[in-house]
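Below you'll find the structure, written out as structure tokens, and then a few comments.
The values are calculated or read from the model by the stated rules, or taken from the named source; none is laboratory data. Computed from a prediction, not measured in an experiment: that's the story for all the values here. With ideal geometry, Cβ positions are generated from the backbone for all residues, glycine too; neighbour counts draw on all protein chains shown.
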Amino acid sequence: MLDSTVSESNGAIAQDTTEEETAPVTTTEPAPVSVEADEPIAEDKPKRGRPAGATKKSTAKKIRTVELTLTLTGTEDGEWQAELIHGAKRIVQGLPVPAAAVAKAAKELGGDISENIETVLAKAREKHLTRVAELEAELERARQALAELED
């Protein structure tokens, strides 16, 4: 680059023409500083919590959950009813459910659910077997009474 400067001194005009060369700029890194083990290293420790104004977006896939509550109500007679609630809204109430469907669902669910439902089903079976035995005895008495009337 050519730099031309005109200066005035004591009434004389002189022109100074100089040429500047531009050298490539190189940066040098400072020499590493050795630190003794006894001296703590002064580092900027991050503050707890989120930095002001920074929001981290979750990379987890957001899953929309649906709250459904299915309630099965059974009696010792083996009669079952279902009730379905979606959020706070009751969808179905008092829907009769066959005991066989309840037993099948209990086997599929397994664990404590299966054990508790099977206990109720066993009581219902026992009660029905007792009732069948009573009805068979009553039927036999009715047949005997009918046979006595025909003679």
State which residue pairs qualify: first residue more than 16 Å from L70 (Cα to Cα) and aliphatic (A, V, I, L, M) and inside region 100-121, second residue at pLDDT 85 or above and outside any helix (DSSP H, G or I) in any location, beta carbons under 7 Å apart, and separation of 6 or more residues or different chains. V120/G74
Of the conditions (1) exposed (fewer than 11 other Cβ atoms within 10 Å of the Cβ); (2) part of a helix (DSSP H, G or I); (3) modelled with pLDDT under 90, A124 satisfies every one except a single condition; which number is it? (1)
Yes/no for T69 being modelled with pLDDT of 90 or more, surrounded by 10 or more Cβ atoms within 10 Å (Cβ to Cβ) and of a type in the set (S, T, N, Q): yes
I85, sole failed condition from (1) at pLDDT below 90; (2) surrounded by 10 or more Cβ atoms within 10 Å (Cβ to Cβ): (1)
